[in-house]
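Asks: Structure incoming, see below.
The values are calculated or read from the model by the stated rules, or taken from the named source; none is laboratory data. It should be emphasised that the depicted structure is a prediction, and the values quoted were computed from it without experimental measurement. As a convention, Cβ positions derive from the backbone with ideal geometry for all residues, glycine included, and neighbour counts pool all protein chains shown.
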Amino acid sequence: MTKGEQARLLAWRLRVLRQAADEQNVAQVCRRFGISRKSFCKWKRRHTEHGDAGLCDRLIAYRREMALQLCEVKHQTSADATFL
């Protein structure tokens, strides 16, 4: 995805969130924009936690990298515990 496409997607997701905040009817806004409530809730949670940057798509490679780091930390922690 190009930076321009990512910027348009970010703007669109922000518009969806703002529309829902104005109307206070999430279900109706989701139907109008053709998205699921699950996606809307995910975007809202990410926006609350990370601001506008949270609305950008996350890369699968990034998720894999984070999962590998978590596994390494767990493995290292369990190895450290056996020496105690």
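Asks: If we keep just the residues of the range 1-44 that are touching a helix residue (DSSP H, G or I) at 6+ places or on another chain (Cβ under 9 Å) and polar (S, T, N, Q), which is nearest to CYS56 (Cα to Cα)?
Replies: Only one residue tops the list, namely SER39.
Asks: List every residue pair whose Cβ atoms sit under 8 Å apart, with the two residues 6 or more apart in sequence or on different chains, where the first one lies in the range 39-60 and is under 18 Å from GLU5 (Cβ atoms) and surrounded by 16 or more Cβ atoms within 10 Å (Cβ to Cβ) and the second, anywhere, is polar (S, T, N, Q) and modelled with pLDDT of 90 or more.
Replies: Hits for this filter: GLY54/THR48.
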